[in-house]
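The values are calculated or read from the model by the stated rules, or taken from the named source; none is laboratory data. Quantities reported herein were computed from a predicted structural model and do not represent experimental measurements. Cβ placement follows ideal geometry from the backbone for every residue including glycine, while neighbour counts extend to all protein chains displayed.
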Amino acid sequence: MFSLEQLVSFVAVAEELHYGRAAERLSMTQPPLSRRIQLLERELGAELFDRAHRTVRLTPAGRVFLAEARKILRSSHEATLYVRRVKKGEVGVVTLGFTATAAYSYLDRVIAAANAEVPGVDLVLREMGTAAQVEELLAGGIDLGMIRPPVAGADIVTLPLWREPLLAALPSAHPLARRKKNPDVRDFDGKPFIMYSPSEGRYFHDLLVAVFRAARVTPEYTQYPCQVHTVLALVKAELGIALVPAAAGTLRFEGVVLRPVDGVEGRPVELDLMWRRGNDNPALGALLTAIGNPARRGRQSTVE
């Protein structure tokens, strides 16, 4: 089988049509160059150059092989460049897990950052809850997760990504929606309230329990859905009022009014990035940098 070295030598002689100039181009002497061509012809079982004249000419077989040799060398060069880009993280695949509410708030920014900074990296998107993401991350099913904190695991690294406030979700005809001033969390005391599931919607369930406990408020829980869009649908059906992350405003439910809430401090809804320490996918590091959160700024989670 011929080598790439032989192909390079053949192309040089075929383009120069002069052994001396071809040898100079390849930074070698003429005798070993001639031997390479002879060995190549022996491998192919055909003469590539017409040696019946003083000038160097390609045979019909040589002309055909020149086109094929150029293709092979071009493919070899492209493969080399591609492998180098993979090593640098410029190309590759990153499997990204995300929660449903992350799709409302920050997923579009991650996709935009990837498209702008690392267009050669393909994102495989998988919607799943935080617990499922942790399981998939440790099993190698995903490279990166957008999760609700906290998570536990010695091999898991997390990084704060996004924080947003809670908003009151109210039926448009509700008294709290009609009055001019913002509702206060204490207005929820004893009111029918759409609460999140303590299992499938655990993050938001625990967050609201803490909010109400701090305000000494006890709403009347009527339903326990797990997804924000379901909460809004139940509010629209006037089964109760609710608290939702600010990103829920992108859903634009007709008949539902979203209002800021007094009595809830800061931006309590958190979204973290999560990845496994020691992940050797070069594209992951490139994507983390593109998002604007290099891995060196991450914090290792603690085992509970």
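Note on region 97-122: residues that are within 17 Å of TRP275 (Cβ to Cβ), in contact (Cβ under 8 Å) with a residue 60 or more places away in the chain and aliphatic (A, V, I, L, M) amount to 6. Inside region 1-21, residues that are without any contact (Cβ under 8 Å) to a residue 24 or more places away in the chain and not in a helix (DSSP H, G or I) make up a count of 1.
The set of residues in region 82-96 being in contact (Cβ under 8 Å) with a residue 60 or more places away in the chain and either part of a helix (DSSP H, G or I) or over 13 Å from the mean Cα position of the chain (by Cα) (or both) consists of VAL86, LYS87, LYS88. Of all residues in region 137-150, none satisfies being in a helix (DSSP H, G or I), over 25 Å from LYS87 (Cα atoms), without any contact (Cβ under 8 Å) to a residue 60 or more places away in the chain and over 14 Å from the mean Cα position of the chain (by Cα).
Confirm whether ASP122 is modelled with pLDDT under 95, in a strand (DSSP E or B) and more than 30 Å from ALA14 (Cβ to Cβ). Yes; evaluated as a whole, the condition is true for this residue.
In the set GLY140, GLY97, only one residue is in contact with a helix residue (DSSP H, G or I) (Cβ under 6 Å, 6 or more places away or on another chain), modelled with pLDDT of 90 or more, farther than 16 Å from GLU270 by Cβ and not hydrophobic (A, V, I, L, M, F, W, C); that residue is GLY97.
For region 75-90, a residue qualifies if it is closer than 14 Å to LEU4 by Cα and either of a type in the set (Ser, Thr, Tyr) or at pLDDT below 75 (or both), and the qualifying residues are SER75, SER76, THR80.
Report yes if some residue within region 44-52 is part of a helix (DSSP H, G or I), out of contact with any Leu (no Cβ under 9 Å at 6 or more places or on another chain) and farther than 29 Å from VAL244 by Cβ; otherwise report no. Looking for residues that are part of a helix (DSSP H, G or I), out of contact with any Leu (no Cβ under 9 Å at 6 or more places or on another chain) and farther than 29 Å from VAL244 by Cβ, one finds at least one in region 44-52, hence yes.
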